[in-house]
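So the structure is just underneath, and the comments pick up after that.
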Amino acid sequence: MVVTGTEAKLKKETLREIYWIMLLARRLDERAWVLHRQGKIAFHISGIGHEAAQVGAAFALRRGHDWVLPYYRDLAMTLALGLTAREFALGLMGKKGEPSSGGRQMPSHWSLRRANVVSHSSPVATQTSHAAGIGLAIKMRGDDAVVLTSVGEGSTSQGEWYEGVNWAAVHRLPVIFFVENNRFAISVPQEHQMAVENAADKAAGLGLPGVTVDGLDPLQVYQAVAAAAARARAGEGPTLVEARVFRMTPHSSDDDDRTYRTREDVEAMKARDPLGSFREFLRSQSVLSAEVVAEMEAQAKQQVEQAVAFAEAAPYPEVSEAAHPVYVEDVHHA
Ligand SMILES: Cc1ncc(C[n+]2csc(CCOP(=O)(O)OP(=O)(O)O)c2C)c(N)n1
């Protein structure tokens with residue numbers, strides 16, 4: 001059954017699933033802040049305010065078949081691709097069994113081999129050229145997969161970002177360059193980073209289409225990314241999709257945003273919280289009842305509690321494994 005009133009024409013079950021992942025991501029993220037303030041984890045970087053964009057984008061892909069190179073805010077996207085709450089909690093604590101790096105990298109440098117999710121490096125935008133490379137491999141092999149890679153708008157000022165996008169445009173590679181524009185790169189506002197109004201405007205100079213959508217609405221993002229994926233699969237090349245979002249928290253657990261933005265601005269942002277507005281939209285379409293909303297809240301709370309308890313009890317990685325697989329261990333020196 002499709003819900004009328006949305007262009008995206010998704011089934012009710014799918015819309016509920018989108019909401020569920022947005023909700024789970026939010027509750028996990030909130031818990032991570034608490035764990036940090038309790039001194040139980042060293043660092044957290046938040047996706048609060050970006051969830052609608054991320055889940056909308058993930059649902060437009062063939063999850064598990066297409067390739068995704070996310071960036072550090074993409075908790076909700078990675079959950080939509082198959083990361084579990086437990087794996088997220090293991091990652092926060094750097095415990096054994098976390099899938100991104102086995103506890104070697106900082107948290108939120110997502111990798112999930114079973115879902116074709118490839119980890120990014122800490123220097124921002126390096127995943128852009130990796131994505132172009134994967135796109136080239138797909139094209140050379142004649143596969144029908146596409147690649148999506150994401151960055152914040154500030155990272156579109158990096159040379160590496162231009163190189164990757166340019167290469168994909170020249171060779172018409174099946175890549176979706178997804179920009180989550182929250183208007184700040186740590187403390188630096190967008191107008192100090194770029195002379196254009198939208199990050200998507202940069203696409204014109206590189207020879208690919210660029211679109212800007214409301215990233216607070218998962219269905220708008222879904223549609224834009226679905227269209228970009230269809231283009232890529234048809235051999236028509238890459239698309240730049242920019243989702244306008246809000247970063248409702250400081251940059252990370254180590255930042256104090258009171259030094260560069262007013263509390264009024266933050267409150268105005270929170271009043272447009274995508275989780276609340278999507279929930280109310282689904283209620284208005286009779287996709288969610290008050291009972292189902294309450295049940296989902298209880299389930300999310302339970303999953304968060306169980307995931308954190310599991311991670312707290314889990315062991316740290318073995319010291320003896322620290323060098324593996326970062327360094328080759330069986331090299332014989334002549
Ligand atoms: C090459 C490089 N320069 C600087 C940094 C430090 N740094 C980490 S995140 C960040 C902000 C990036 O902003 P944006 O791309 O807009 O993403 P957002 O964090 O706003 O989602 C910076 C400058 C880095 N990691 N890599």
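The table that follows gives values for the structure above.
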read-out: Dipole moment magnitude, nearest 20 debye, region 12-315 about Cα centre, only Lys, Arg, Asp, Glu C-beta charged; value: 720
read-out: Point-to-point label distance, Glu197-Glu13, nm (Cα→Cβ direction, 7 Å offset); value: 4.2
read-out: Positive-pole candidate from Val170, Thr126, Gly97, dipole of region 12-315, charges at beta carbon; value: Gly97
read-out: Test item: Cα-centred dipole of region 12-125, Lys/Arg +1 and Asp/Glu -1 on Cβ, debye; value: 320
read-out: The chain: antiparallel DSSP beta bridges as a percent of all, rounded to 5; value: 15
read-out: Computed lengthening from Asp255 to Ser320, 0.36 nm per intervening residue step minus Cα-Cα distance; value: 20.0 nm
read-out: Across Lys9/Lys270; Lys95/Lys301; Lys9/Lys301; Lys95/Lys139; Lys40/Lys96, pairs whose alpha-carbon gap is larger than 26 Å; value: Lys9/Lys270; Lys9/Lys301; Lys95/Lys139
read-out: Most mobile listed residue (Arg183, Arg231, Arg37) in the chain, GNM with C-alpha springs under 10 Å; value: Arg37
read-out: GNM flexibility winner over the chain from Ala298, Ala85, Ala243 (Cα, springs under 10 Å); value: Ala298
read-out: Peptides ranked, highest mean first, by Cβ atoms within 10 Å: ranges 304-312, 188-196, 105-113, 218-226; value: 218-226, 105-113, 304-312, 188-196
read-out: MRE, 222 nm, helices only [DSSP H, n ≥ 4, -39500 (n - 2.57), over the chain, to nearest 500]; value: -13500 deg cm²/dmol
read-out: Residue-count net charge about Asp265 - beta-carbon cut-off 12 Å; Lys, Arg +1, Asp, Glu -1; value: +4
read-out: Where the chain is the region considered: accessible area per residue in Å², 1.4 Å probe; value: 45
read-out: Within a Gaussian network of the chain (alpha carbon springs, distance under 10 Å), most fluctuating of Ala52, Ala169, Ala271; value: Ala271
read-out: Rounded, prolate or oblate (a/c below 1.5 giving rounded, otherwise prolate when a/b exceeds b/c) for region 12-315 by Cα gyration tensor; value: rounded
read-out: FRET efficiency estimate (nearest 0.05) - Cβ-Cβ, Ala226 to Ile186, R0 45 angstrom; value: 0.90
read-out: Relative contact order of the chain, pairs being alpha-carbon contacts under 8 Å that are 6 or more residues apart, as %; value: 22
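The values are calculated or read from the model by the stated rules, or taken from the named source; none is laboratory data. Since the structure is predicted, the reported quantities are computational estimates derived from the model, not experimental observations. With ideal geometry, Cβ positions are generated from the backbone for all residues, glycine too; neighbour counts draw on all protein chains shown. Ligands, DNA and RNA are stripped out before the accessible areas are found, and what is left, the full protein with its side chains, is counted by its heavy atoms. Shrake-Rupley method; radii C 1.70, N 1.55, O 1.52, S 1.80 Å.
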